[in-house]
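Peer 1: Could you have a look at this structure, given as structure tokens, before my questions?
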Amino acid sequence: MRHLQSEELIDLAEGAQPESSALHLQTCDECRRRLTDLRAAMAAAADVDVLEPSPLFWDHFSARVHDAIAADGAPPRSLWDRLALPLSIAACAAVIIAAVVSLRVGRTPGFVPSGSAPVASHTSPADELADADVAPFPDDPSLDLVADLASQVAQAEWDAAGAQGLETHEDTADKAVGQLSAGERRELQRLLKEELTRRGA
Amino acid sequence: MGQSLAWSIPGTWQPQANRAWRERAADPVVDGAKPRSVAGAPADVAFGHLDETALVEACLAGRLEAFDVIVERHRRTVYQLCYRFVSNHEDASDLSQDVFLRAYRGLRGFRGGSSLATWLYRIGVNVCLNRVSIKTPQTESIDERQHVDRGAESAPERLLKGERAARVRAAIAQLPRKQRATLILRIYQEMSHQQIADVLGSSVGAVKANFFHALGNLKKLLGDEIL
């Protein structure tokens, strides 16, 4: 004979299952006694009142919590919220520096970036042909645009990026530019030309 | 009781409920309701009618008044939960404040997977279990319970009921932590087994088993004469 399990007894004690559904109860004194004890314990526990504080307590309580939180400060920001601004500044700075360096590289005859050798070995004939189109600008006015963009980044933002340890270094930019393919450099210059045309219009 | 244990914490999470609390807060409509009282002063009617999603967003945007409304809505249930664990007003008050302070600090971690009430219960249970594990609950004497509404009970009846309640509280305080938490959430907070499982981070089966053992131990501790 299998006695009722604890879950079954709880369901019966709470009325979630009717006693008629447990035929075992009709023949087992032990399970009936356990069920009676469960119900008696539940009734005894439920008969204990919650002591209701004075009505004045609630406003006092809210004021206490309010003051404690005001003293504690604002909820801490998430990691992403804290890093979003410095990261965006760093990304912007990296793009600007890459543009400057790539333009200078383009104007230097015979210059081959140290990191470009493996890339060059995989360039297609079409890329090599396109590479021939990457000629230096006569007066290079795009540098003015880059300078303008850089000047629009407030000093405070640079400081904030520096404080987060996100400073960029010239050496890093050189490496980044060195890894650009000829097609990527051509696309960067096209975008700069497009912007210059718009500014000149 | 059984079937009457229907849990009814208001304000379930509604993901697509408005995210434009700023607009509504700027143009408050209180539907003719009496403004709420927050922190001892007239309520900020701009926040009093917002749902919990909008309130949480407002809090995260730095509007402390929005958290005042959250406190006002949940302070009673949080206090009652804490009181069930510690059985005295002073400790329950301190613990309740701690629950709200921790909730505010961790508000950014509230993802809305459960209702704000369930989340607060989870914090409350953890705070209370940590507290009672390092401090034996001190139940209030009968004289200190003057503010309890006893209705039409006679003095001898009040005395008898008070003594009986004190014994039950003391017995509950001796239960193992999980059993005590389960019994409190089930009987006093009237939460479903599933909701208790969510709060305690366990399964429905484990909740029922804990409840079963809690009642069994309570029966042993109280003896036959009180049941």
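The values are calculated or read from the model by the stated rules, or taken from the named source; none is laboratory data. Keep in mind the model is a prediction, meaning the values are calculated, not measured. Glycine gets a Cβ as well: all are built from the backbone with ideal geometry, and neighbour counts include every protein chain shown. The protein model used for the area step is the full one, side chains on, heavy atoms only, and it has no ligands, DNA or RNA in it. Shrake-Rupley method; radii C 1.70, N 1.55, O 1.52, S 1.80 Å.
Peer 1: Taking each residue in A:55-61, count the Cβ atoms of any other chain within 10 Å of its Cβ, then average. What number comes out? Numbers along the way, then the final one.
Peer 2: Working: counts 1, 1, 5, 7, 6, 3, 12.
That average works out to 5.
Peer 1: On average, how much accessible surface per residue is there in the stretch B:167-227, in Å², for a 1.4 Å probe, leaving out ligands, DNA and RNA?
Peer 2: 38
Peer 1: Calculate the mean, over all residues of peptide B:118-131, of how many other protein chain Cβ atoms lie within 10 angstrom of the residue's Cβ.
Peer 2: So the per-residue partner count for this stretch is 0.
Peer 1: Placing +1 on the Cβ of each Lys and Arg and -1 on the Cβ of each Asp and Glu in the stretch B:89-128, which of B:HIS89, B:GLY112, B:VAL99 has its Cα farthest towards the positive end of the resulting dipole?
Peer 2: The listed residue farthest towards the positive side: B:GLY112.
Peer 1: How much accessible area does A:HIS3 have with a 1.4 Å probe, in Å² rounded to the nearest 10?
Peer 2: 70
Peer 1: How big is the A/B interface in buried accessible area, both sides summed, 1.4 Å probe, to the nearest 100 Å²?
Peer 2: Working: alone 14420 and 12770 Å², together 22570 Å².
Roughly 4600 Å² of accessible surface disappears when A and B pair.
Peer 1: Another one. Sort A:CYS31, A:CYS92 by accessible area with a 1.4 Å probe, largest first.
Peer 2: I get A:CYS92, A:CYS31, largest accessible area first.
Peer 1: Right, next: Just counting partner chain Cβ atoms within 10 Å, what average do the residues of peptide B:206-212 show around their Cβ?
Peer 2: Values: counts 0, 2, 9, 4, 2, 7, 9.
If you average over the peptide's residues, the count of other-chain Cβ atoms is 5.
Peer 1: Rg and Dmax of the stretch A:1-69 over Cα atoms: what are they, in angstrom?
Peer 2: Radius of gyration, then largest Cα-Cα span, for the stretch A:1-69: 21.2, 63 Å.
Peer 1: Using a 10 Å cut-off on Cβ atoms, rank the peptides A:11-20, B:92-101 from the highest mean neighbour count down.
Peer 2: Values: A:11-20: 15.8, B:92-101: 21.8.
Ranking the peptides A:11-20, B:92-101 by packing returns B:92-101, A:11-20.
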